[in-house]
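**Student:** Below is the structure I would like to discuss, written out as structure tokens.
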Amino acid sequence: MRETIIPLDVEMLLAEELKAAEIDARPIPYPEDLGKTLPIVIVTVTGGRRLNIVMDEHDVSFDVYATTVSAALDQARIAFGVIASLAANGINDWRRADMVNTPYVNPDPSHPTLARVSFEASVASRASITTR
């Protein structure tokens, strides 16, 4: 048998971290009923890299939707704090969370009636190792 290193489902794990802080968060894809349950955070991995045999780094985008820009900003600031403190407080095995930018208003042309605020982070986690 040989070991195979399989990346973690980072979108799902980060959504779990936000849910543990009582923030409604989901990994992509966008829910069909986006706009019916607000505010909501959509978590999307946009890239990443293997740091070494046991650690991966993930580039992640967080899109916070709400009925108003003010509500989206408020929720984004809370989510930002949760993600920024992952290495110290996370429920999963996070090694580091570097915030790429702070929350900013980011209108979504696909959903023009909803307010969207976004931020990005780079998070490092252990890689999942399985034996086959």
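The values are calculated or read from the model by the stated rules, or taken from the named source; none is laboratory data. Everything quoted here is computed from the prediction, not taken from an experiment. Don't worry about glycine lacking a Cβ; one is built from the backbone with ideal geometry, like all the others, and counts go over all protein chains shown. With ligands, DNA and RNA removed, areas are computed over all heavy atoms of the protein, side chains included. Shrake-Rupley method; radii C 1.70, N 1.55, O 1.52, S 1.80 Å.
**Student:** Give me the net charge for the shell around MET12: Cβ to Cβ below 12 angstrom, other residues only, Lys and Arg +1, Asp and Glu -1. Don't jump to the answer; show the numbers that get you there.
**Tutor:** Values: positive: LYS19, ARG26; negative: ASP9, GLU11, GLU16, GLU17.
Summing Lys and Arg as +1 and Asp and Glu as -1 gives -2.
**Student:** Given Cβ point charges of +1 (Lys, Arg) and -1 (Asp, Glu) and nothing else, what value in debye, to the nearest 20, does the dipole of segment 37-113 about its Cα centre take?
**Tutor:** Values: 5 positive and 8 negative charges, 30 e Å.
Once rounded to the nearest 20, the dipole reads 140 debye.
**Student:** Heavy atoms only, 1.4 Å probe, whole protein assembly: order ASP59, ASP98 by accessible area, highest first.
**Tutor:** ASP98, ASP59
**Student:** What list of ³J(HN,Hα) values in whole Hz, one per residue of segment 49-56 in order, does the Karplus curve 6.51 cos²θ - 1.76 cosθ + 1.60 (θ = phi - 60°) give from phi, with Gly and Pro shown as x?
**Tutor:** For segment 49-56, the Karplus curve yields 7, 7, 7, 6, 4, 10, 9, 10 Hz.
**Student:** Please arrange VAL117, VAL100 by accessible surface area, largest first, computed with a 1.4 Å probe and ligands excluded.
**Tutor:** VAL100, VAL117
**Student:** I need the calculated FRET efficiency for the pair SER70 and ASP9, taking r as the beta carbon distance and R₀ as 30 Å, to the nearest 0.05. Numbers along the way, then the final one.
**Tutor:** Working: r = 32 Å, r/R0 = 1.08.
So, using R0 = 30 Å, E works out to roughly 0.40.
**Student:** I've got another one for you. Using each residue's phi in segment 18-27, evaluate 6.51 cos²θ - 1.76 cosθ + 1.60 at θ = phi - 60° and report the 3J(HN,Hα) Karplus result to the nearest Hz, with x for Gly and Pro.
**Tutor:** These are the phi-based 3J(HN,Hα) values: 5, 5, 5, 9, 6, 10, 6, 9, 9, x Hz.
**Student:** Now a separate question. Are there GluC sites (Glu not before Pro) in segment 1-105 that DSSP puts in a loop and that have at most 13 other Cβ atoms within 10 Å, and which ones?
**Tutor:** Numbers: sites: GLU3, GLU11, GLU16, GLU17, GLU22, GLU32, GLU57; in loops: GLU22, GLU32.
Passing both the DSSP loop test and the Cβ count: GLU22, GLU32.
**Student:** State, as an integer percentage, the relative contact order of the chain based on alpha-carbon contacts under 8 Å between residues 6 or more apart. It would help to have the intermediate numbers written out before the result.
**Tutor:** Details: 274 pairs, mean separation 39.5, N = 132.
Once normalised by length, the contact order is 30 percent.
**Student:** Related question: Would you mind telling me which residue in ARG50, ARG77, ARG116 has the biggest mean-square fluctuation in a Gaussian network model of the chain, where springs connect alpha carbons within a distance under 10 angstrom?
**Tutor:** For the chain, modelled as a Gaussian network with Cα springs under 10 Å, the answer is ARG50.
**Student:** Can I ask one more? Quantify, in whole percent, the carbon and sulfur part of the accessible surface of the chain (1.4 Å probe; protein heavy atoms only). If you can, show how the numbers build up before the last one.
**Tutor:** Details: 3690 of 6970 Å².
Summing carbon and sulfur atoms, their accessible area is 53 percent of the total for the chain.
**Student:** A further question follows. With every protein chain in place, what's the accessible area of HIS111 (1.4 Å probe, Å², nearest 10)?
**Tutor:** Accessible surface of HIS111 is approximately 60 Å².
**Student:** Shifting gears a bit: As a test of reading the structure, rank LYS36, LYS19 by solvent-accessible area (1.4 Å probe, protein chains only), most first. The partial results should precede the final answer.
**Tutor:** Numbers: LYS36 165, LYS19 105 Å².
These residues rank, largest area first, as LYS36, LYS19.
**Student:** Okay, moving on. Once the other residues with Cβ under 15 Å from the Cβ of SER125 are scored (Lys, Arg +1; Asp, Glu -1), what is the net sum? Could you put the intermediate results ahead of the total?
**Tutor:** Working: positive: ARG49, ARG50, ARG95, ARG96, ARG126; negative: ASP9, GLU11, GLU16, GLU17, ASP56, GLU57, ASP59, ASP93, ASP98.
Local charge sum for SER125: -4.
**Student:** Next question. In square angstrom, what is the accessible area per residue of the chain with a 1.4 angstrom probe? Mind dumping the intermediate values first?
**Tutor:** Working: 6970 Å² over 132 residues.
For the chain, the per-residue accessible area is 53 Å².
**Student:** A follow-up question, please. For the chain, modelled as a GNM with alpha-carbon contacts under 10 angstrom, which of ALA79, ALA88, ALA121 fluctuates the most?
**Tutor:** Of the options given, ALA88 has the highest mean-square fluctuation.
**Student:** Please work out how much length the chain gains when fully extended from ASN92 to TYR104, using 0.36 nm per residue of separation minus the C-alpha to C-alpha distance, in nm with one decimal.
**Tutor:** Working: separation 12, 0.36 × 12 = 4.32 nm, distance 2.68 nm.
Contour length minus Cα-Cα distance gives 1.6 nm.
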